[in-house]
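Readers should treat all values here as calculations from the given coordinates under stated rules, not as data from a laboratory. Since this is a predicted model, take the numbers as computed values, not measurements. Cβ: placed from backbone, ideal geometry, glycine included. Neighbour counts: every protein chain shown.
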Amino acid sequence: MKRIIVIGGGPAGMQTALSLKAEGAIPLIVEKESELGGKLRGWHRLFPSFTPAHEVLGELRRRVADAGIECLTGAEAAEVEPRQVTLSDGRRLACDGVVVCSGFTLFDARIKEEYGYGIYDNVFTSVDLERMLNQGRVALQNGNRPRRIAFLHCVGSRDEKVCQSHCSKVCCVTGVKQAMEMKELFPEADVFNFYMDIRMFGPGYEEMYRRAQQDYNIHFVRGRISEASPTIEGRIQIKAEDTLTGRPLKMSVDMLVLLVGMRANDDNGRLAARTGLRQAPSGFMEPRDRFLGSAGSGVEGIFYAGAVTAPKNLGESLCDGAAAALAVRDYLNPCER
């Protein structure tokens, strides 16, 4: 039986390992964190069904455990070759192939200083809000309930000024989901979403967007916030332009939520340089063929799954894991193709 190393123990990595095991291979998950789950560990409820994230994560972990898949946590891959993975502590792991499922990095909202994240009270990111929802305590810094909440889309996405020209794909739907959750918690609050354009590409997404407007009375304003500043009352004043009417807009809010996008991992460049892999202009890894070889890397024996190649939602990452396992099977058994 062939041993395949899966780099990354997030949803894509876990599904890749499960599918590899079903194909008769021996997968080994190498995860740099202390436990499996990746970014999914920090999410509250999943769009568009509002399924609790811990239910999906728990089921994936259960399947991995029941399958007897070996997991090496607290271990980081430093060098990747088709027949060997070298860890940061110098250990070398022999293998017959590698699937890279190292995912993405969240954009650091502090880079966009004009929005005041890390400077002013009550400016949060979408990740902060997910954590607060998980903890069951969403409140302003002074403990009060927010009366007016603003969400800003595309922070760290579609922004050439911070070298992030790509669309992060899931920010729009995340903003709609979180706006609905805030309206459920604070039905008396006014909730505004400021956007460039709403991209609702997935099944059930457009329906959720309509529910947000019709059933939750959430306000959607086409226009980006240019800056945020504190008021003497301790609120956040935002300046924007309603691009549908062409009018400037000034508003004070109690809470500003920045919907941060996905960016490529910093070590993608090092990974590409040492192994002959390719990066896309966005910094994500470039697959061998976007249509007929999306799981392949262009280097024999190295494969991809999940958001290491582009921003993806959870369902796409899980499907990627199954597809990567099939690509590995064909690579290991060329006569059976």
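Results, tabulated for the structure shown:
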quantity	calculated
Net charge dipole size for region 1-73 [Lys, Arg +1 and Asp, Glu -1 on Cβ; Debye, nearest 20]	100
His166, His219 arranged by Cβ crowding within 10 Å, fewest neighbours leading	His219, His166
Region 109-261 shape via C-alpha gyration tensor axes, a/c threshold 1.5	rounded
Residue-by-residue Karplus 3J(HN,Hα) for region 263-279, coefficients 6.51, -1.76, 1.60, Hz, glycine and proline x	10, 5, 5, 4, 8, 4, x, 5, 4, 5, 5, 8, 10, x, 6, 10, 10
Sorted by Cβ density within 10 Å, fewest first, the residues Lys39, Lys161	Lys161, Lys39
Prolate/oblate/rounded call for region 4-139, Cα gyration tensor, a/c under 1.5 rounded	oblate
Proxy reagent accessibility, fewest Cβ within 10 Å first, across Ile111, Ile119	Ile119, Ile111
Dipole of the chain, positive direction: furthest Cα of Ile4, Gly156, Cys95, with charges on the beta-carbon	Gly156
Dipole magnitude (debye, nearest 20) for the chain, charges at Cβ of Lys, Arg, Asp, Glu	180
Degrees, to the nearest 10: 314-332 long Cα axis against longest axis of the chain	10
0 to 90° range, to nearest 10: angle between helix 205-214 axis and the chain longest Cα axis	10
Tally of Lys pairs whose C-alpha atoms are under 15 Å apart, taken over the chain, 8 or more apart or cross-chain	7
Region 1-36: GluC sites (Glu not before Pro) falling in loop per DSSP and having at most 10 other Cβ within 10 Å	none
The chain: Cα Rg divided by the 2.2 N^0.38 Å rule of thumb	1.07
Per-residue [θ]222 nm for the chain (sum of -39500 (n - 2.57) over DSSP H runs n ≥ 4, rounded to 500)	-8000 deg cm²/dmol
